[in-house]
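**Student:** Questions regarding the structure given below will be posed in turn.
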Amino acid sequence: MEKTIDIGQYVAIAVKWLMANLRPLFDFIKTTGNAGIESIEWVLVSVPFYITIALFTAVAWKYAGKRIATFTLLGLALIYLMGFWEETMQTLALIISSTVIALIVAVPLGIWSAKSQTAQRIIRPLLDLMQTMPAFVYLIPAVLFFSIGKLPGAFATIIFAMPPAVRLTALGIQQVPGDVLEAARSLGATQKQILFKVELPLALKTLLTGVNQTILLSLSMVVIAGMIAAGGLGEKVLEGINNLDIGLGFESGLSVVILAIILDRITQAFGNKGLN
Amino acid sequence: MKENRPVKIKVEDLVLIFGKNKENALQMLKEGSIKKEILSKTQCTVGINQANFEIYEGEFFVIMGLSGSGKSTLLRCLNRLIEPTSGNVYVNGDNITRKSHRELLDVRRTEMSMVFQKFGLLPHRTVLENVAFGLELRGEDKETRETKAQQAIDTVGLHGFERQSPAQLSGGMQQRVGLARALTNDPEVLLMDEAFSALDPLIKTEMQDELLGLQNKLKKTVVFVTHDLDEAIKLGDRIVIMKDGIIEQIGTAEEILTNPATPYVEAFVKKVDRKTIITAGTLMHEKPTHVRFGKDGPEGTLRKMRSTGLDVLPVVDEQNTFLGFVWVADAVQCANRQEKTVESILLTNVPTVSIEVTVEEMLPLITATRSPIAVIDWDSKRLLGIVSQNSVVIEATRFNEQEITKLKEHANNS
Ligand SMILES: Nc1ncnc2c1ncn2[C@@H]1O[C@H](COP(=O)(O)OP(=O)(O)OP(=O)(O)O)[C@@H](O)[C@H]1O
Ligand SMILES: [Mg+2]
């Protein structure tokens, strides 16, 4: 069938306009962003592997219990022994930076949409769009704005991973019981005091579920971002696919899974402890 | 006596309308439309319809009415948790409705605290931290906070529970935390919204007693919302009864029970166990026809009995001190014996009560002799009035409303 409506055309025009007029801004973001990601990466890669493994295991032990701690120890050791340590640390650096940025944007958005009907009406459909759009599509503007590399990888990841954090922050705040809010107001709490002393603490458990989701979504996106030279495990997976190297594909895939399980269990444990 | 007390809170023409089209609704309200009409025309709910009243310092003031009558709304207008649509609220003569946001926060932090039905405690904080929350919001340092919070905790009997989290406590205990939190700020006014309604009956009674004790000691002004008339009567110095946002009546429990201002209030108070509330003072026939000892002989006594249609009269001396009763049959014989005074027929071993004795307490005084009960001033022994046994019985059994009115009419006419 012939194309009668061409929305894509307008999106393309908008993107082109942005590229032409905001070039310096994008360049600035790219340079500072890359520097940020690379310094995190540098730290993670240069810390001896056994210290990193010990730290992860200790945190898992403290918050998630013996079983998860054992899994963390064995899993990370396996990754190291398979020879994917550096790639895993690169991926972790990308996840950490994407998640931090995503949360910095998402939490205020979540708070805003919990408090204002208008904000909610604008943000809701945007989130729906962001979550249902196939992940690969984000790579296109990322590359157009920032070409290839780590920063565009992080950019696509942030957009893809942000929605659950926004939603769950909003949900957490909306769930704060009315009588608790009223009590705080009756004692003369300001809006700010209510937010920091009542709403955010009470929303913390739900909010941490959002953090957990964001981390896991970043992990899945970071792998896809391997396609635009974001480095890390994603590139190894891609290499395995391109060369039809089943061994490489499986091993790098396994590393992703191990990392995912460790991050998931530890952040979940944080979430459950959040209440106490 | 009460009217001399300083006014703590004054509510003036207070109107609260929920909804978008407030202006129209307000206009209709001023023109006298009723809640239903306004709702159907403007989609606005009338929460409070032109309320006017004063609450005195140290008073236990109860707001009562059925669900949806506007009690909570009225209470929240006092500290502006809900913004009044029009009208004024004065606290200590200061117009709360005119205050800036900052000033309002100050009022809430120092002058008024609130206690809620569902407690409203912070689940992530310990009992101590919850109780100290108001002081924290006020910006007091940790040490002051904890000392004052500890005092409040001791006051409400929560000693030893400081480090527990609210979820570990029973409902009654949680409400003690809520009460302690309100007391920590040392406010002059306590606002309580169905504070005990979520508690089971035994705990509820206990908390009511403790609250009364506390109020006696601390002399706070308490504004207490409840839908439970028994609770209102037990706690309230005065009670306001609301219906559809309108104040139907304000008065003491006894005034409301004996003299309901509207059919609604009358229906409302019907269920109450009146015999524990109605007193001799209400029931008595004031300034009764009496026999003056030394002045009225048996003939004079009989004349008075004939003119009033009564067969028993109280006897008093020149100082109006109550001496006893004389009966018509005795008076006839006494007159036949041509005696000069009623001394020989004066019955002195008769029931006497003071003015605040309740119907319930008068029940044991009912005897086969059907002697009326004399109401006297306990110190001077002066006669204030008499209560007939009939009225006590009717009041206690309440099988016939009409008889009470008839009896009252009868007593008033005589
Ligand atoms: N936020 C609101 N928006 C619209 N209408 C409201 C709102 N809050 C209360 N109302 C209405 O105002 C009226 C008074 O409500 P209010 O909560 O003061 O009653 P109440 O006497 O405290 O009842 P209850 O015993 O159920 O607590 C009711 O008709 C209620 O439906
Ligand atoms: Mg209510």
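**Student:** Over the Cα atoms of the stretch B:136-190, what Rg and Dmax result, in angstrom?
**Tutor:** 11.2, 30
**Student:** Kindly report, to the nearest 10 Å², the accessible surface of A:Tyr63 as traced by a 1.4 Å probe over protein heavy atoms only.
**Tutor:** Approximately 80 Å² for this residue.
**Student:** P(r) of the stretch A:1-74 in 10 Å steps, Cα pairs, percent per bin?
**Tutor:** Each 10 Å bin holds this share of Cα pairs: 16, 20, 18, 15, 19, 11, 1.
**Student:** Mind running the shape call on the stretch A:7-273? Use the C-alpha gyration tensor, a ≥ b ≥ c as the square roots of the eigenvalues: rounded below 1.5 for a/c, prolate if a/b tops b/c, oblate otherwise.
**Tutor:** Numbers: a/c = 2.17, a/b = 1.19, b/c = 1.82.
Because a/c hits 1.5 or more and a/b fails to exceed b/c, the stretch A:7-273 counts as oblate.
**Student:** Need the list of lysines near B:Lys275 for cross-linking: C-alpha distance under 21 angstrom, and skip anything on the same chain fewer than eight residues off.
**Tutor:** By straight Cα distance, B:Lys275 reaches B:Lys234, B:Lys406, B:Lys408.
**Student:** Further question on the same structure: With the alpha-carbon atoms as the only input, what is the per residue convex hull volume for the protein assembly as shown in Å³?
**Tutor:** Cα convex hull per residue, to the nearest whole number: 249 Å³.
**Student:** Can you give the translational diffusion coefficient of the stretch B:226-352 in µm²/s, computed by Stokes-Einstein from the Kirkwood radius over Cα pairs at 10 °C and 1.306 mPa s? Don't skip to the answer; put the middle values down first.
**Tutor:** Details: Rh = 17.7 Å.
Answer, rounded: 90 µm²/s.
**Student:** Any idea what % of Cα-Cα pairs in chain B are farther than 26 Å?
**Tutor:** More than 26 Å apart: 64 percent of the Cα pairs in chain B.
**Student:** Which peptide among B:26-32, A:241-247, A:200-206 comes first, and what is the full order, when sorted by highest mean count of other Cβ atoms within 10 Å?
**Tutor:** Numbers: B:26-32: 14.3, A:241-247: 10.9, A:200-206: 20.0.
Put in order of decreasing packing, that is A:200-206, B:26-32, A:241-247.
**Student:** What residue among B:Thr341, B:Thr358, B:Thr45 has the largest mean-square fluctuation in a Gaussian network model of chain B, using Cα springs under 10 Å?
**Tutor:** Most flexible of the set in this elastic network: B:Thr341.
**Student:** Another one. Out of A:Ala184, A:Ala260, A:Ala58, any idea which swings most in a Gaussian network model of chain A, alpha carbons joined below 10 Å?
**Tutor:** A:Ala184
**Student:** I would also like to ask the following. Using a 7 Å offset from the Cα along the Cα-to-Cβ direction at both A:Phe250 and A:Val100, what is the distance between the two label points in nm, to one decimal?
**Tutor:** 3.7
**Student:** Bin width 10 Å, alpha-carbon pairs only: give the P(r) of the stretch B:1-109 as whole percents, running from 0 to the bin holding the largest distance.
**Tutor:** Going out from 0 Å in 10 Å bins, the stretch B:1-109 shows 14, 42, 32, 12, 1 percent.
**Student:** With label points built 7 Å along Cα→Cβ from the Cα atoms of A:Trp17 and B:Arg102, find their separation and express it in nm.
**Tutor:** Reported label-point gap for A:Trp17 and B:Arg102 is 4.5 nm.
**Student:** In chain A, what is the count of Lys pairs whose alpha carbons are under 19 Å apart, counting only pairs at least 8 residues apart or on separate chains?
**Tutor:** Lysine pairs satisfying the spacing and distance rule in chain A number 12.
**Student:** Counting only other chains, what is the mean number of Cβ atoms within 10 angstrom of the Cβ of each residue in peptide B:114-122?
**Tutor:** The shielding value for this peptide is 5.
**Student:** Semi-axes of the equivalent ellipsoid for the stretch A:174-245, please: Cα gyration tensor eigenvalues, times 5, square-rooted, ordered largest first, whole Å.
**Tutor:** Square roots of five times the eigenvalues give 47, 10, 6 Å.
**Student:** If R₀ is 22 angstrom, what is the calculated FRET efficiency for the pair B:Asp209 and B:Gln151, using the beta carbon separation as r and rounding to 0.05?
**Tutor:** In this case the efficiency is close to 0.55.
**Student:** Let me ask something else about it. Run the quick spin-label model on B:Arg303 and A:Met133: label points 7 Å from Cα toward the beta carbon, then report their separation in nm to one decimal.
**Tutor:** Modelled inter-label distance: 11.0 nm.
**Student:** Can you give the FRET efficiency for B:Ser354 and A:Lys62, using 1/(1 + (r/R0)^6), R0 = 56 Å, r = Cβ-Cβ distance, to the nearest 0.05?
**Tutor:** Calculated transfer efficiency: 0.20.
**Student:** Starting from the Cα-Cα distance between B:Glu23 and B:Asn4, subtract it from 0.36 nm times their residue separation and give me the gain in nm to one decimal.
**Tutor:** Computed gain between B:Glu23 and B:Asn4 is 3.0 nm.
**Student:** Here's something else I'd like to know. Under 14 Å from the 7 Å Cα→Cβ point of B:Ser86, by amide nitrogen: which residues of the stretch B:50-66?
**Tutor:** Only B:50-51 fall inside the zone, counting backbone N under 14 Å.
**Student:** Okay, moving on. Once fully extended, how much extra length lies between A:Thr70 and A:Ile261, figured as 0.36 nm per residue of separation less the alpha-carbon to alpha-carbon distance?
**Tutor:** 67.5 nm
**Student:** At a temperature of 37 °C and a viscosity of 0.692 mPa s, determine how fast the stretch A:53-188 diffuses translationally according to Stokes-Einstein, using the Kirkwood radius over alpha-carbon pairs as Rh; express D in µm²/s, rounded to the nearest whole number.
**Tutor:** It comes out at roughly 183 µm²/s.
**Student:** Dividing the Cα convex hull volume of the stretch B:281-393 by residue count, how many Å³ per residue is that? Please report the intermediate quantities before stating the final value.
**Tutor:** Values: hull volume 10.6 nm³, N = 113.
Looking at the stretch B:281-393, the number lands at 94 Å³ per residue.
**Student:** Right, next: Take B:Val332, project a point 7 Å from its Cα along the Cβ direction, then tell me which residues of the stretch B:280-304 have their backbone nitrogen under 14 Å from it.
**Tutor:** B:302-303
The values are calculated or read from the model by the stated rules, or taken from the named source; none is laboratory data. Just so it is clear, the structure is predicted and the values come from calculations on it, not from any experiment. Cβ: placed from backbone, ideal geometry, glycine included. Neighbour counts: every protein chain shown. What goes into the accessible areas is simple: the full protein's heavy atoms, side chains included, and nothing from ligands, DNA or RNA. Shrake-Rupley method; radii C 1.70, N 1.55, O 1.52, S 1.80 Å.
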